[in-house]
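Each remark here refers to the structure printed beneath this line.
The values are calculated or read from the model by the stated rules, or taken from the named source; none is laboratory data. Since the structure is predicted, the reported quantities are computational estimates derived from the model, not experimental observations. Every residue, glycine as well, gets a Cβ built from its backbone with ideal geometry; the counts of neighbours run over all protein chains shown. Areas reflect the complete protein model, heavy atoms only, side chains present, ligands, DNA and RNA absent. Shrake-Rupley method; radii C 1.70, N 1.55, O 1.52, S 1.80 Å.
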Amino acid sequence: MASKIVSILQEIVKVLEEKKAELNRLDANLGDGDHGRTVVNAFRNVIEQNKDLEYKDLGDALQKIGRTLAFSTGAATGPLFGSAFIEAGKRVQGKEKLTLRDWKNALSGAVEGVKKRGKAEVGDKTMLDTLYPAVKALEQSVDKNESLKEGLLKAIEAAKRGMESTKDLISRRGRSSRLGERTIGHIDPGAASSYYILQTIIKNCLEEE
Amino acid sequence: MLKKFINKPEDVVNEMIEGYLVAHKDVVRKLDSSRVLVRKEAPIEGKVGIVTGGGSGHKPAFIGYIGENLLDAVAVGDIFASPSAKQIYDAIKAVDSGRGVLCVLGNYSGDVMNFDMAVEMARDEGIKVEQVIINDDVGSAPRENRENRRGVAGEVIVWKAVGAKAAKGASLEEVKEIAQRVNDNTRSMGVAHSPCAVPSKMYGGEPTFTLGEMEMEIGVGHHGEPGVKRMPIKTADEVTKMLVEPVLEDLPFRKGDRVSVLINGLGSTSLLEMYIIYRKLYQILKGREITIAISFIGEFFTSLEMGGFSITLTRLDKELESLLKSPAKSPLFHYC
């Protein structure tokens, strides 16, 4: 799977490119309308700077992607997405293949990374509201000994519901928090883009199985 | 759509820098591998380096203040988006003479996260770095949540003061203390009657917010963040009063204080209007027996083509007054 990392990154860019206008529009409701452009450029830059990403160690690969996102993207997007990948990578150091438990550990690392960097909590109308439900779903699947496929599909579903739940939340972090109650009724663009990224990663990994 | 004379929206920042560099090549240079502009002489022997950075679209901020007794380096972000941690780190490294570097930044989540990471990286390499986050905008959060307030035109006053202090050969701790002191004594409030647009398509971009034809919004941020209140547009005298009262109450400024006044046009408000505003501001302060020791009137920190202005007051002590009155010179800022 590790050898497929670059093609998954390319797939992420393709999906984000398709969703660019939608993400820009979501951002225009709450911010300055460039989130779609920012995330596409961020992942393009990751590929550009990591062309030879052929890792046996997925933990290393995720951290390398994360460092590129965190240090050379800019905006708020870079540090947040970067921290998610870096902390996810740390939890699966040395692994070439991920079990459902590894997925749970990696994603909960991502959640911790975003919380720490963005000083945000679940319910603040951020990407955490997409990622955290996915971690919860994975925890349940691990407890129930469900198959990798079953567990990951449930995680995507949970992430999607989490993303959609941001519509009813009031933003408490970042630029949009200044809009207060005016943010109700709009899906958070970071919650949306992180859903598309997670969905793309999982979908491609399942095809590998 | 708001019209603009641009080529391609994705090229605006790089093309602006290209023009700026050739126009002011005696003063600034660009780092080879990073979108960072640096004062030509930096690092300057014996002087603490002053670094800032932020999104583009605020001319003359930020790069316009690279110069004598002002800034040493600026990490340049995309329009209204923070530069990356790597750019900021490169800026810190480029201006460190061994006496350390002070980073001054506005309180925006992207900037704060990227500066935090850059400062950590530089410290890991043994560079002495401190940072001060500016949050002068009264309109962006109530007094009890002062730590959530944005940094706006007050940043210019901080740059001017720390630039002067660093030029005297002060230590990093002393320069940092000045930045903190200016921030603690500075309050701003803005108003807009028309929006700005981030370049996003051929010949322009969509406005970042919309206001009715005869409407204005009090407390609007430098990127079009919503403010405190929308209402029908008022006269210069009325608006000046509405802006300056919350500023005065917030610190609070008191009878007998000496202050610096900054009237900052946000992009498409004329100097004619700004002097009308200054006239009223002078009357209000005089009535309260507050003395204006120094005034800055013009465009210092714009928001692309936004129509509006902000008022910034800084309470002065002897040292701050002398720092703000000392000469400074850069391509887009001049004080003598």
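Miscellaneous remarks
- With respect to the conditions (1) more than 25 Å from residue A:173 (Cα to Cα); (2) acidic (Asp, Glu); (3) modelled with pLDDT of 95 or more, residue A:57 falls short on a single one, namely (3).
- Considering (1) within 14 Å of chain B (Cβ to nearest Cβ); (2) on the phi < 0 side of the Ramachandran plot; (3) over 19 Å from the mean Cα position of the chain (by Cα), the lone condition that residue A:189 does not fulfil carries the number (3).
- Condition check for residue B:147: part of a helix (DSSP H, G or I), open to solvent by 10 Å² or more (accessible area, probe 1.4 Å) and closer than 27 Å to residue B:43 by Cα: no
- Looking only at residues in the stretch B:157-213 that are acidic (Asp, Glu) and more than 17 Å from the chain's Cα centre (by Cα), the one that is most open to solvent (accessible area, probe 1.4 Å) is B:213.
- Extreme residue, farthest from the other protein chains (Cβ to nearest Cβ), among residues of the stretch A:172-183 that are open to solvent by 80 Å² or more (accessible area, probe 1.4 Å) and assigned to a loop (DSSP other than H, G, I, E, B): A:172
- The lone criterion from (1) touching a helix residue (DSSP H, G or I) at 6+ places or on another chain (Cβ under 7 Å); (2) farther than 20 Å from residue B:54 by Cβ left unmet by residue B:158 is number (2).
- Test: residue B:96 is on the phi < 0 side of the Ramachandran plot, out of contact with any Asp or Glu (no Cβ under 6 Å at 6 or more places or on another chain) and in contact (Cβ under 8 Å) with a residue 40 or more places away in the chain: yes
- Identity of the residue in the stretch B:73-93, open to solvent by 20 Å² or more (accessible area, probe 1.4 Å) and at pLDDT 95 or above, that ends up nearest to the other protein chains (Cβ to nearest Cβ): B:86
- Cross-chain or 6+ apart pairs with Cβ under 9 Å, the stretch B:161-172 first and over 20 Å from residue B:316 (Cα atoms) and among the hydroxyl-bearing types (Ser, Thr, Tyr), then surrounded by 18 or more Cβ atoms within 10 Å (Cβ to Cβ) and modelled with pLDDT of 95 or more: B:171/B:48; B:171/B:99; B:171/B:100
- Residue count for the stretch A:1-42 under the criterion of being out of contact with any helix residue (DSSP H, G or I) (no Cβ under 9 Å at 6 or more places or on another chain) and open to solvent by less than 20 Å² (accessible area, probe 1.4 Å): the result is 0.
- Those helices (runs of 4 or more DSSP H) lying entirely in the stretch A:54-171 with at least 1 residues within 14 Å of another protein chain (Cβ to nearest Cβ) and polar (S, T, N, Q): A:58-72, A:77-91
- Selected residue (criterion: nearest to the other protein chains (Cβ to nearest Cβ)) from residues of the stretch B:94-117 that are part of a helix (DSSP H, G or I) and within 18 Å of residue B:175 (Cβ to Cβ): B:115
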